[in-house]
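Visitor: Before we start, here is the structure in question, set down as structure tokens.
Coordinate-derived values only; no laboratory data. The structure displayed is predicted, hence computed values, not measured ones. Note that each Cβ is placed from the backbone with ideal geometry, even for glycine, and that neighbours are counted across all protein chains shown.
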Amino acid sequence: MNHLPVFILCLLAFAALAASTDRAQETLFGRELAARVGRRLRGAAWMLLLLALAVVVRSQGWGLGLVSYSGHASLAAGLVFVLLVALARRGGAR
């Protein structure tokens with residue numbers, strides 16, 4: 001199994017989840033987005049996470065797939081967190 005597609009799906013999902021929060025919107029865009037945009041970002045993020053789970057479970061089965069998914073999701077969430085902290089300390093993406 002190629003782990004890159006699952007990792008990219010998780011990374012996009014956590015980036016969308018982060019972008020749906022007011023605090024991250026201030027850091028990334030310099031303003032808060034409309035509430036419906038935040039809801040759509042959250043919905044898209046959850047769909048990406050479910051898609052990543054389906055891909056890895058179909059490829060590796062439930063036993064190893066859940067472990068692999070957990071690792072990919074943790075790494076992606078950590079990377080998004082570190083990038084948001086770095087952007088906030090740098091003064092945002094303005």
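Visitor: Could you tally the net charge around Leu12, taking each other residue with its Cβ under 15 Å from the Cβ of Leu12, Lys/Arg +1 and Asp/Glu -1? If you can, show how the numbers build up before the last one.
Guide: On the way: positive: Arg40, Arg42; negative: none.
With Lys, Arg at +1 and Asp, Glu at -1, the neighbours total +2.
Visitor: Out of Ala19, Val80, Val55, whose Cα points farthest toward the positive end of the dipole of segment 4-90 (charges: +1 Lys, Arg; -1 Asp, Glu; placed on Cβ)?
Guide: Going by the charge dipole, the pick is Ala19.
Visitor: How high is the relative contact order of segment 4-90, in percent, with contacts defined as C-alpha pairs under 8 Å that are six or more residues apart?
Guide: Details: 85 pairs, mean separation 35.1, N = 87.
Over segment 4-90, the number comes to 40 percent.
Visitor: Same structure, new question: Hey, got the dipole for the chain? About the Cα centre, +1 on K and R Cβ, -1 on D and E Cβ, debye to the nearest 20?
Guide: Working: 10 positive and 3 negative charges, 50 e Å.
Value, rounded to 20: 240 debye.
Visitor: Here's another thing I want to ask about it. Using mean Cβ contacts within 10 Å as the protection proxy, how do 51-59, 63-71 order, highest first? Provide the component values of the computation, followed by the final result.
Guide: Details: 51-59: 17.8, 63-71: 15.1.
For the peptides 51-59, 63-71, the packing ranking is 51-59, 63-71.
Visitor: Write down, largest first, the equivalent ellipsoid semi-axes of segment 4-90 in whole Å, where each equals the square root of 5 times an eigenvalue of the alpha-carbon gyration tensor. Don't skip to the end; give the middle numbers.
Guide: Values: eigenvalues 144, 44, 10 Å².
Largest first, segment 4-90 gives 27, 15, 7 Å.
Visitor: Using only Cα atoms, tell me the angle between helix 4-19 and the longest principal axis of the chain; keep it within 0 to 90° and round to the nearest 10.
Guide: With rounding to tens, the tilt is 30 degrees.
Visitor: Would you calculate a helix-derived [θ] at 222 nm for the chain, using -39,500 (n - 2.57) for each DSSP H run of n ≥ 4 and dividing by the full residue count, to the nearest 500? If you can, show how the numbers build up before the last one.
Guide: Values: 3 runs with 80 residues, N = 94.
Helices in the chain give a 222 nm mean residue ellipticity of -30500 deg cm²/dmol.
Visitor: Compute the helix-to-body angle for 35-90: its Cα long axis versus the longest principal axis of the chain, expressed 0 to 90° and rounded to tens.
Guide: 10
Visitor: If I build a Gaussian network model for the chain, linking alpha-carbon pairs within less than 10 angstrom, which residue out of Leu50, Leu41, Leu11 has the largest mean-square fluctuation?
Guide: Between Leu50, Leu41, Leu11, it is Leu50 that shows the largest mean-square fluctuation.
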